[in-house]
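Right, one structure below, let's go through it.
The values are calculated or read from the model by the stated rules, or taken from the named source; none is laboratory data. Remember, predicted model here, so these are calculated numbers, not experimental data. Using ideal geometry, Cβ is built from the backbone for each residue, glycine included, and neighbour counts are taken over all protein chains shown.
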Amino acid sequence: MSKRDVKQITLRLPLEVDEALKEISEITSINIKDLILLAVLNNNRKFFS
């Protein structure tokens with residue numbers, strides 16, 4: 001995959017969600033970007049099931 005194939009998106013999360021993700025990230029040592037990606041992938045899987 002080349003850099004031209006990669007698209008960047010910007011998400012505006014509610015403050016409560018952002019704070020919760022920061023806390024989860026600190027507890028689990030999982031990067032916030034990875035947590036968001038997992039949530040999006042999980043949501044899409046449910047949507048297309």
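Once segment 1-29 is narrowed to residues that are touching a Leu at 6+ places or on another chain (Cβ under 8 Å) and of a type outside the set (S, T, Y), the residue that is modelled with the lowest pLDDT is L13. Every residue in segment 34-49 that is modelled with pLDDT under 90 and of a type outside the set (G, A, S), please. If the condition is that a residue be modelled with pLDDT under 90 and of a type outside the set (G, A, S), then I36, L37, L38, V40, L41, N42, N43, N44, R45, K46, F47, F48 are the ones that fit.
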